[in-house]
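> Got a structure for you, questions after.
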Amino acid sequence: EAAVTQSPRNKVTVTGGNVTLSCRQTNSHNYMYWYRQDTGHGLRLIHYSYGAGNLQIGDVPDGYKATRTTQEDFFLLLELASPSQTSLYFCASSGQNYEQYFGPGTRLTVL
Amino acid sequence: GDSVTQTEGLVTLTEGLPVMLNCTYQTIYSNPFLFWYVHYLNESPRLLLKSSTDNKRTEHQGFHATLHKSSSSFHLQKSSAQLSDSALYYCALSQNNYAQGLTFGLGTRVSVFP
C-alpha cells in the first residue's frame, strides 16, 4: 500500500514567519500534490508536481511556494505566513491509475 | 473551471437506514473521472469509489455509485448505514489527465446514530 508521510504533524508560527512542510512518498509515484483542508471549503489544490524539478500551479497558490527535490520529496514553503494560512495541509501522491494516496496531514496555526 | 457540488453539508441518520449523498459536477471535458473519498477522524482521506463508464454502477465496501453524464451526477448510496460509516465524504473530479490534481466538493459529513 502507498506510504506517504508528512512532517511536522503540528506547527505553530507567528505572522510573517517562515514555514516549510515536508512530504515523502515511498511508492515510486511520479505525481505529488499539496492540498489544504478548511471547513466550508473542502480540499483545495495548492501545487502539484509531475516529477523531480517540476512544479505546477494549483487552484489556490497565492502565498505558497513548492519544490520537488527528488521523486520522493515534495516541500511546501510559506515564506511570510499569514493567519489565513492556518489550515490542515495534506500531501498526496499518485501513479497512473488516478488514485491519490494521502499523508496524515500537518496542522498549521499562524498566530 | 471545473466544479463539484455536494448539496448536503451534514447528514444525520439512524443505523440501518439507507443513505444517499448527492454529487453533481461541471467540466468542459467529455470524459471526466469521478471519485468518492472518505475521511475518517484522525486518519488520512482515502479512495472509496472511482467511476466506471457512463451509466455503469461501481461498488465497494457496501457503497455504490453510478456516473450519469446526462445529468452530470455521481451520487453515493448505501442501503443500510452502519455506525462505522460516520465520516466526511468528498466527491472529486479529475479531467482525463490523471496527473492533474483533483477538484473536490465541499464535503458531506455523515453522522450515524444507534
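Values quoted throughout were computed directly from the atomic coordinates according to the rules given, and no laboratory measurement underlies them. In this text the structure is predicted, and so the values were computed from the model without any measurement. Virtual Cβ from ideal backbone geometry, glycine too; neighbours counted across all protein chains shown.
> Separation between the A:Asp62 and B:Val11 pseudo-spin-labels, each 7 Å from Cα along Cα→Cβ, expressed in nm?
Distance between label points: 3.4 nm.
> GluC sites (Glu not before Pro), restricted to the stretch B:1-99: which are DSSP loop and have at most 10 other Cβ atoms within 10 Å?
Answer by residue number: there is no such site.
> Counting only other chains, and only Cβ atoms inside 10 Å, what mean value do you get across the residues of B:40-52?
Average per residue, whole number: 3.
> Which whole-number value in Å³ per residue fits the convex hull of the alpha carbons of the stretch B:8-114?
Looking at the stretch B:8-114, the number lands at 97 Å³ per residue.
> How much length is gained on full extension from B:Asn22 to B:Lys69, taking 0.36 nm per residue of separation minus their Cα-Cα distance?
Numbers: separation 47, 0.36 × 47 = 16.92 nm, distance 1.44 nm.
The span from B:Asn22 to B:Lys69 would gain 15.5 nm if fully extended.
> Return the whole-Å distance between the Cα centroid of the stretch A:80-104 and the Cα centroid of the stretch B:1-75.
Using only Cα atoms, the two centres lie 20 Å from each other.
> I would also like to ask the following. Starting with the highest mean, order B:103-109, A:5-11 by the number of other Cβ atoms within 10 Å, averaged over the residues of each peptide.
Values: B:103-109: 21.9, A:5-11: 14.3.
Top of the packing list down: B:103-109, A:5-11.
> If you don't mind, there's one more thing I want to ask. Using a 10 Å cut-off on Cβ atoms, rank the peptides A:26-38, A:50-62 from the highest mean neighbour count down.
The most tightly packed comes first, giving A:26-38, A:50-62.
> Please give me the summed charge of the neighbours of A:Phe74: other residues whose Cβ is under 15 Å from its Cβ, Lys and Arg +1, Asp and Glu -1.
+2
> For the protein assembly as shown, what proportion of DSSP beta bridges, expressed in % and rounded to the nearest 5, is antiparallel?
90
> Based on the Cβ-Cβ distance from A:Arg9 to A:Glu79, what FRET efficiency comes out when R0 is 30 Å, to the nearest 0.05?
Numbers: r = 21 Å, r/R0 = 0.72.
With R0 = 30 Å, the Cβ-Cβ based efficiency is 0.90.
> Can you give the average number of partner chain beta-carbon atoms within 10 Å of each beta-carbon in peptide A:25-34, as a whole number?
Across A:25-34, the average partner-chain Cβ count within 10 Å equals 1.
> Would you mind listing how long chain A runs along its three principal axes, going by Cα atoms, in whole Å with the largest first?
38, 28, 24
> Based on the alpha-carbon set only, what is the convex hull volume of the protein assembly as shown divided per residue, in Å³?
Hull volume normalised by residue count: 116 Å³.
> Same structure again: What does the average come to when, for each residue of peptide B:103-110, you count the partner chain Cβ atoms lying within 10 Å of its Cβ?
4
> Looking at the P(r) of the stretch A:70-111, how many percent of alpha-carbon pairs lie beyond 12 Å?
69
> Sorted by average packing, counted as other Cβ atoms within 10 angstrom per residue and highest first, what order do B:87-94, B:18-25 take?
Output ranking for B:87-94, B:18-25: B:87-94, B:18-25.
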